[in-house]
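Colleague: Structure in structure tokens, see below.
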Amino acid sequence: MFDGLRVLDLSEEPGWLTGKILGDLGADVVKVEPPGGDRVGRRGPFLAGQEDPERSLPWLALNTSKRGITLDCKKEDGQRLLRQLAAKFDVLLETFAPGQMARWGVGFEILRQANPRLVYCAVTPFGQTGPYSKWRAHDLVVTAMGGNVAVTGFPDRPPVRCTMPTAYFHAGPEAATGIAMALWAREETGRGQLVDVSMQECQLSTLMTGPGQYAQHHRLAGRNGAVLGRTREIWKARDGWVSFGLRGGQARIPNLVATVEYMAENDMAPEWLRKYDWSEYNHNTLSDAEIERLEGAFGAFFASKTRRELYEQAVERRIMLAPCNDAKEISEQPQLRFRELFISIEYPELGATLEHPVAFAKSSIGGIGIRSRAPRIGEHNAEIYAEIGIDAAELEALADQGVV
Amino acid sequence: MALFEGVKILELGAGAAGPVATRYFADHGATVVRVESSKRPDFLRMVHFTPDNPHGLDGAPMFVLMNPNKRSVSVNMSLPEGVEVVRRLIDWADVVSENFSPKAMTKWGLDYESLRARKPELVMVSSCLFGQTGPQRMYPGFGGQGAAISGFNHLAGWPDREAIGPYGTITDSLSPRYVALLITGALLHRRRTGEGQYIDVSQIETAVYSLSEMMVRFSAEAEIVTRAGNRDENAAPHGVYPCRGEDRWIALAIWSNEEWRLLRRQMGDPPFGQEPRFDTLAGRLEHRDELDAYIGRFTSEHEPHELARTLQEAGIEAGAVQNFDDLLKDPQLAHRGHFQTLCHSKLGEMSFENYGIRLGDGPPEMRIPGPNLGEHNDEILGDLLGYTPEEIGQLVAAEVLV
């Protein structure tokens, strides 16, 4: 899809996914790191517990389909090299604090002079301008200020986040979309533009129009734990948790009927439930007592079965119930296996083979998926710097000065 | 000229995952036509189907807020004449985006293979929960099940409580970003080569792909990442702390020894904080429960927004845990024009939201609220497809346009 597109990826961890997505769609993505590698970003956990940036598992996971070079943006020579490089690329991606690139003499206004076609994408916690633009934030503070944390959790505990960084997961494809939009515009205008992505703002769509609805009715959403709306969404099975909505509507009623049938076959549907009229069922209008009676019956049944049993029957009977999978269960999930979601990548120098999710979609013309493993530190310095006329001797001199 | 002016998108499907994706185009000038009918309405039109909602299918705020700038035609696809109307809409469209279950389009003869024969340059995206192939492709879950299967429920909350997932069904907000990217990428590809394509998106796969780090960590060390409250192994303190007021909280993250010294100073350099066991990250991680309790006593004397401002100015990463009311008043979101007011014919003034991208050439434009069912029947069938008023009248009489 993006074959031939050239992306210079200066991002730190919040932007890694964006570059990876573009690379997995065929773009030639060149990852730029400080000399010696990104010591903060190439964080742990490390392969076999050995603290070495080349063994950083987050790095290996999120920088596939990229080539890698080193460059010190803080040094004048580094800045000169960056300006030369940027003239040869379609897209530049960065996640520094607003204004930082400009202070280094490599901001959008400077780079566009030499390369008017450059699409410049900056991903930051709050955006390039505005009262919070200088504030610092990583996943927790972004998701808190974006509204998701306040409503995640239980009424008797503090608000809580997701243990993996969803702020980056949402901003990743959002920024890639912004870049694609700017490329579309470039087809008409012939020039690039700034793509300013706010991670905080990306969070708001996770609230499913909650703030807009609040503006109408002024009832604050609380933290309802396992309850969604009025009824329970997470249930205890014999060996863990499952998700099942006790909600109505045309699309859900057949699944409620099928669940009761399944329960009846196991002698676990009381007579009132077997006779229940689901045709007019509306979870919005149930009384508390009715909710309690329904949840009691469904809950007792789910608790008597393992998650695997329940899910196999759910697939068979078209019941909307699913296990709350962990990483191991995802890696064994039959549908994902059938669709060959995972690919094994060899890391000969690390003595390891790691399994990665290979792609996020399939196209009839192909071309979506990991092309190559994440680069080693400075792995492609020679070939990339040769493009701007730097030969081996000069590269060595630059390395001696700590520029690359 | 708006970015996507002239781009024509036909949308079939319901809920959030499909329709949120096409908003990027509608808000930037594309013509997006939604097909649905009162015989089988988008279930989001029924979320507020309660006795106190007098507007029926046109009175659901969630639907209205999620679908601005789109046009609605009501077509009963269980009748062959209805399928014919949709076929003519497909002839008109550059892109078909649908998120029905996998058999639906085939049943109507509108699967990609059939459509490609008629229109090779068509871009078509299907984005159901589990993808178009495989033994569980007909599994009928919603986003709640998507979050469970893809691992996000397991990852949010507390280790001693239910696997709750981050608020909102995450596959419904995550997968549309990928779909919007894929549509734009496919349009760019078509512009260069003339070639159309069919894209099969599984909402669950977009979520697992996003969790690449977790999957690689499992593959490498058999590590199972599990929900751990607000903890982070690279920062301490790192959490959500109580503030003055009812259900008020501040989020705070300390990544370095220097930041810890800065926070200590903000707390008035109490003797407790100066204990050497807190001087290193390892020490702070080891004693984090004690630290958290201590910091909580400090934060609970302050209002969250004021305290966050003071801490940020001192170089400490902090932010109020904002509720929906805070978001409407957030000066940064206001600066970006996040909320835009439009007047809906039945629900009155409503706050519509933007997404996270701002382009240098100009912001997205909010023009009309999410449409009433069939609101644009005459315009779409008449102006776009060239049906005469008599033909439209016949389709209404035959319950094709309902």
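The values are calculated or read from the model by the stated rules, or taken from the named source; none is laboratory data. Predicted model only: the values in this text are computed from it and were never measured. Cβ sites come from the backbone with ideal geometry, for glycine too, and all protein chains shown count toward neighbours. Surface accessibility is based on the protein's heavy atoms, side chains included, excluding ligands, DNA and RNA. Shrake-Rupley method; radii C 1.70, N 1.55, O 1.52, S 1.80 Å.
Colleague: Quick one: count up the residues across region A:109-119 that are open to solvent by 10 Å² or more (accessible area, probe 1.4 Å), of a type outside the set (D, E, K, R) and touching a residue at least 40 places away in the same chain (Cβ under 8 Å).
Modeller: 2
Colleague: Checking A:E312 against (1) open to solvent by 40 Å² or more (accessible area, probe 1.4 Å); (2) in contact with a His (Cβ under 8 Å, 6 or more places away or on another chain), which single condition isn't satisfied?
Modeller: Going through the list (1) open to solvent by 40 Å² or more (accessible area, probe 1.4 Å); (2) in contact with a His (Cβ under 8 Å, 6 or more places away or on another chain), A:E312 breaks only (2).
Colleague: Determine whether A:L82 is out of contact with any strand residue (DSSP E or B) (no Cβ under 8 Å at 6 or more places or on another chain) and either open to solvent by less than 30 Å² (accessible area, probe 1.4 Å) or among the aliphatic types (A, V, I, L, M) (or both).
Modeller: Taking the combined requirement at face value, the residue does not satisfy it.
Colleague: Within region A:140-244, which strands (runs of 3 or more DSSP E) (wholly inside it) include 2 or more residues that are at negative phi and not assigned by TED's automatic domain parsing to the domain that holds A:L57?
Modeller: A:234-237, A:240-244
Colleague: For region A:183-193, which positions are more than 7 Å from every other protein chain (Cβ to nearest Cβ) and touching a residue at least 40 places away in the same chain (Cβ under 8 Å)?
Modeller: Once the filter is applied, which keeps residues that are more than 7 Å from every other protein chain (Cβ to nearest Cβ) and touching a residue at least 40 places away in the same chain (Cβ under 8 Å), region A:183-193 yields A:R186, A:G190, A:R191, A:G192.
Colleague: What about A:A314, is it part of a helix (DSSP H, G or I) and more than 13 Å from chain B (Cβ to nearest Cβ)?
Modeller: When the stated conditions are applied, A:A314 does not pass them.
Colleague: Where residues in region A:46-90 are part of a loop (DSSP other than H, G, I, E, B) and among the small types (G, A, S), which of them is farthest from the other protein chains (Cβ to nearest Cβ)?
Modeller: In this case the residue turns out to be A:A87.
Colleague: Please list, ordered by residue number, the helices (runs of 4 or more DSSP H) wholly in region A:320-404 having 2 or more residues that are facing chain B (nearest Cβ under 7 Å), more than 20 Å from the chain's Cα centre (by Cα) and farther than 29 Å from A:C73 by Cα.
Modeller: A:334-338
Colleague: Could you please find all residues in region A:280-310 being at pLDDT 95 or above and small (G, A, S)?
Modeller: A:A289, A:G296, A:A297, A:G299, A:A300, A:A303, A:S304
Colleague: Residues in region A:260-268: is at least one under 29 Å from B:A104 (Cα atoms), among the polar types (S, T, N, Q) and modelled with pLDDT of 95 or more?
Modeller: Looking for residues that are under 29 Å from B:A104 (Cα atoms), among the polar types (S, T, N, Q) and modelled with pLDDT of 95 or more, one finds none in region A:260-268, hence no.
Colleague: A further question on this structure: Return the pairs, sorted by first residue and then second, in which the second residue is polar (S, T, N, Q) and surrounded by fewer than 19 Cβ atoms within 10 Å (Cβ to Cβ), the first residue lies in region B:87-103 and is in the same structural domain as B:G141 (by TED's automatic domain parsing), the beta carbons are less than 6 Å apart, and the residues are 6+ apart or on different chains.
Modeller: none
Colleague: Follow-up. How many residues does region A:135-166 contain that are more than 7 Å from chain B (Cβ to nearest Cβ) and either open to solvent by 10 Å² or more (accessible area, probe 1.4 Å) or closer than 20 Å to A:G225 by Cα (or both)?
Modeller: The number of residues fulfilling the criteria is 5.
Colleague: Go through A:G49, A:G41, A:G36 for me and flag whichever is on the phi > 0 side of the Ramachandran plot and free of Cβ contacts under 8 Å to residues at least 40 places away in the same chain.
Modeller: Result: A:G49 is the single residue among A:G49, A:G41, A:G36 that is on the phi > 0 side of the Ramachandran plot and free of Cβ contacts under 8 Å to residues at least 40 places away in the same chain.
Colleague: Could you count how many residues in region B:312-339 are of a type outside the set (D, E, K, R), in contact (Cβ under 8 Å) with a residue 60 or more places away in the chain and either more than 7 Å from chain A (Cβ to nearest Cβ) or closer than 22 Å to A:Q128 by Cβ (or both)?
Modeller: 4
Colleague: Consider B:T226 carefully, then state whether it is at pLDDT 95 or above, open to solvent by 50 Å² or more (accessible area, probe 1.4 Å) and touching a Pro at 6+ places or on another chain (Cβ under 7 Å).
Modeller: The answer is yes for B:T226.
Colleague: Suppose we keep only residues that are without any contact (Cβ under 8 Å) to a residue 60 or more places away in the chain and over 16 Å from the mean Cα position of the chain (by Cα) within region B:146-163. Which one would you say is nearest to A:A303 (Cα to Cα)?
Modeller: B:E162
Colleague: Right, something else. Mind checking which residues of region A:194-233 are open to solvent by less than 10 Å² (accessible area, probe 1.4 Å), more than 7 Å from every other protein chain (Cβ to nearest Cβ) and over 23 Å from the mean Cα position of the chain (by Cα)?
Modeller: A:T231
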